[in-house]
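The values are calculated or read from the model by the stated rules, or taken from the named source; none is laboratory data. Since this is a predicted model, take the numbers as computed values, not measurements. Cβ placement follows ideal geometry from the backbone for every residue including glycine, while neighbour counts extend to all protein chains displayed.
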Amino acid sequence: MLERDIESWSSRKAKDAGWWNRKFTSPGNRSVPDRIFARHGRVFWVEFKATGKEPTDLQYEEHKNMRAAGLTVYWTDCREGFAYILKMESDVIPYTITQPISGHGVVYKNGKYEYRWSE
């Protein structure tokens, strides 16, 4: 599936679930994640890839730097991956005030969940 189709579907699903989301751009920085999502003070970024594709080395480096700053960044190459991310983030919201969670990543890739923790 094309990246734009996964991203468009994900944006609609998030909006339907009450998440504010916007296309994220940073002029002069090509490696930033595609979208930012927020709800009830919980914020995370997602990099979308076409099915079977992975982030570039520069994107992985940007994700690492964002996680080092305490931000939550994910990437996914399918709708199922985003649905899982959205569910996981929705489950985190009750704990956001007292127990912020950052620096983790989960993607549904090629039929299985992959956990990727920042250094």
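Results, tabulated for the structure shown:
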{"quantity": "So Lys53, is it touching a residue at least 40 places away in the same chain (Cβ under 8 Å) and farther than 15 Å from Glu3 by Cα", "calculated": "no"}
{"quantity": "All helices (runs of 4 or more DSSP H) inside segment 1-108 with 2 or more residues being out of contact with any Pro (no Cβ under 9 Å at 6 or more places or on another chain), at pLDDT below 95 and buried (at least 19 other Cβ atoms within 10 Å of the Cβ)", "calculated": "79-92"}
{"quantity": "Condition met for Trp45 (touching a residue at least 60 places away in the same chain (Cβ under 8 Å) and under 23 Å from Arg4 (Cβ atoms))", "calculated": "no"}
{"quantity": "Pairs with Cβ under 7 Å, 6+ apart, first in segment 74-94 and touching a residue at least 12 places away in the same chain (Cβ under 8 Å), second surrounded by fewer than 16 Cβ atoms within 10 Å (Cβ to Cβ) and assigned to a strand (DSSP E or B)", "calculated": "Tyr84/Tyr113"}
